[in-house]
Structures are given as structure tokens and as C-alpha cells.
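All remarks here apply to the structure that follows.
Only the coordinates and a few stated rules stand behind these numbers; no lab work does. Remember, it's a predicted structure, so these values are computed and weren't measured experimentally. Note that we place each Cβ from the backbone using ideal geometry, even for glycine, and neighbour counts take in every protein chain shown.
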Amino acid sequence: MRRPRRYGDAGQAFPIYITVVGGLLFLAFAYFAVGQAAANRNGAQTAADAAALAAAQDKRDQLAGAWVKDVLDPNKWQAIFDGNAEVLRESCWRAHQLAAQNDATVLGCGNPGGPLRFSVEVRTNKPMGDSIVPGEANRKARASADAVIEARCDVDPPAEDAGPDVLPQLLCDGDEKWELDPDDLDVLPKPEDLFDVHLAEPQANDE
């Protein structure tokens with residue numbers, strides 16, 4: 001004959017139930033904290049990428065403007081395509097602007113790799129948030145990004161027997177050719193025709 005179940009069995013199962021539920025809640029909180037930290041890091045990288053690209057694009061536009069200004073002086077073209085032009089303003093202000101729009105602050109911006117490369121480091125304005133690791137909640141994500149400006153065009157000098165007023169041709173990306181007439185300069189290459197801007201191997205870390 002089956003003996004009736006004692007109430008004590010249910011009492012013994014209750015602590016196990018509490019332990020299991022507590023463990024599941026802990027795991028849920030841990031996954032939430034990890035996801036929040038990952039989102040913060042992604043936000044930092046987005047801000048760094050945008051800031052570096054903005055600074056490089058500002059420099060590109062200035063270089064293109066300098067080329068248009070000196071289009072009748074081919075001796076200055078190569079220096080401009082190498083990133084060296086007269087009276088250029090600094091472009092890191094655009095990095096600060098784009099970082100702020102992405103809720104981050106620029107920690108550093110410069111050209112350690114040369115005039116055609118911008119290196120930017122940012123820090124998020126908001127901390128990581130809730131975390132199961134002591135001291136992590138108030139940490140802020142940091143990220144860095146490099147943006148590179150590359151000249152898309154080569155200067156093709158005119159023939160030796162050409163007149164002094166004949167301008168060199170621009171051979172852009174190997175296919176596009178710009179034949180410039182000094183008497184008709186209404187249509188000239190745009191900044192994006194002369195220079196390409198892209199990111200190069202960003203890196204992320206935490207503060």
C-alpha cells in the first residue's frame with residue numbers, strides 16, 4: 001500500500017526552487033549587464049569612427065579648395081595631393097562636433113601618421129551602467145579610430161612641345177581623365193573626385 005506523501009517533502013523542495021530562481025535571475029542580470037556594456041562600447045566606436053571621418057573629410061574639402069585656387073599653377077598640385085597646402089585651418093573641430101553628436105568626448109585628435117591621416121580617441125559621456133563586477137558601473141567606454149585621405153588622381157604632365165598655357169591632365173583611379181582648359185574652368189573635379197576618405201583598423205578599449 002502506497003504511503004501518503006508528507007508535507008515535509010514540499011518544504012524540502014522550496015529552498016531548491018528559491019536557489020534555481022535566484023540563479024536564473026542572476027544570469028538574466030549578468031546577460032543584461034554584458035549587453036549594456038557591449039552597447040556602450042559600440043557607441044564609443046561609432047563616435048570615434050564618425051569623428052575621425054569628419055575631420056578627414058574637412059581636410060579633404062580644404063585640399064580640394066586649395067587645388068581649385070591654384071589650378072592654374074600646376075607646380076603646386078603635387079604638394080596639395082600629398083596633403084600639404086597653404087593656409088589650411090585645423091580640422092579636429094569637426095571631430096569634436098561629431099563626437100558630441102554621438103554623446104562622446106574627444107580625448108585626442110591629430111595627425112601622427114602624416115597630413116593625410118587623422119587619429120581620434122573618444123570616451124562616452126555615459127558610464128557602463130549596472131554591472132555584476134565591482135567598480136565597473138562607473139567606467140566609461142573608450143575607442144579610437146583612424147581615417148585616411150588618399151589622392152585619387154595622378155598628374156600627367158603635358159607633352160614637351162605643348163605650349164606654356166597647357167595644363168597637365170589628371171588621371172583619376174586609372175580610368176577617369178580630366179583634361180583642363182585654362183580658358184574654360186567652369187567644370188572641375190569635386191573633392192570626392194580628387195580624394196578618397198576611409199577608415200583604417202579601429203581599436204576599442206575601456207577606461
If the cut-off is a Cα-Cα distance under 23 Å, which lysines reach Lys140, setting aside same-chain residues fewer than 8 apart in sequence? Lys126
As straight-line cross-link partners of Lys76, the qualifying lysines (C-alpha separation under 30 Å, not fewer than 8 residues apart within one chain) are Lys59, Lys177, Lys190
Suppose every Lys and Arg Cβ carries +1 and every Asp and Glu Cβ carries -1, with no other charges. What dipole size does segment 69-128 come out with about its Cα centre, to the nearest 20 debye? 220 debye
